[in-house]
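As structure tokens, the structure follows; a few thoughts come after it.
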């Protein structure tokens, strides 16, 4: 049975005012995302991928078009390229921050944060400061912080771009494990075709700026995903299709 979309984007444009008539970042984008779906967005540099994510997060108001969420205003979790941890707060305190801002009792906030710490594999690092963490660990903290208020939709803006290749692959595997445990709706921007195929149910390709939708491709790989899938002919064929669409 077809699921009712949790998110619907209809003919969305985003133009940033400037002295030359405006910078047209994205143009006439329409797509839908269903509950618990994992969607990756790829495309050339500067095509408006991050702009699209910021519109979905409510950080930007689209110039034209509609963004509709099923059930009204959703809870949004967002992870940026930089982990953006507060250097003076411990791992636990960084994760509890959204709950503190919501006015939740500190003991309850700590319990919720500990649950996420266990989920992302940071047990025994609760009191460590960000300076004591590796890049991968810092991104786990950022991911836990984005999940602590139980968002309806998780937005990820190239969260692993600053990591080395091996750590990035490991974080991708960890992200899948966490997604399968929590079954969140995820929209993730990435420059990596391999990462997009390994993680996503669907991959959306944007054109050169102004970014418009060029391809919306189902990823017909079984779950759970294993690293060995990256080396299959099916994976290679889909990667070529995405590469050709981007170029």
**Asked** Can you find a residue in segment 153-164 that is part of a helix (DSSP H, G or I) and touching a strand residue (DSSP E or B) at 6+ places or on another chain (Cβ under 9 Å)?
**Response** no
**Message:** Condition first: more than 21 Å from the chain's Cα centre (by Cα) and within 15 Å of residue 94 (Cβ to Cβ). Now tell me which residues in segment 116-129 satisfy that.
**Reply:** 125, 126, 127, 128, 129
**residue 222, sole failed condition from (1) surrounded by 12 or more Cβ atoms within 10 Å (Cβ to Cβ); (2) out of contact with any helix residue (DSSP H, G or I) (no Cβ under 8 Å at 6 or more places or on another chain)** = (1)
**Request:** Would you check if residue 246 is within 18 Å of residue 161 (Cβ to Cβ) and over 19 Å from the mean Cα position of the chain (by Cα)?
**Result:** yes
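Read-outs throughout are calculated quantities, based only on the coordinates presented, and are distinct from any laboratory measurement. It should be emphasised that the depicted structure is a prediction, and the values quoted were computed from it without experimental measurement. Cβ coordinates were reconstructed from backbone atoms using ideal geometry, including for glycine residues, and neighbour counts include every protein chain displayed.
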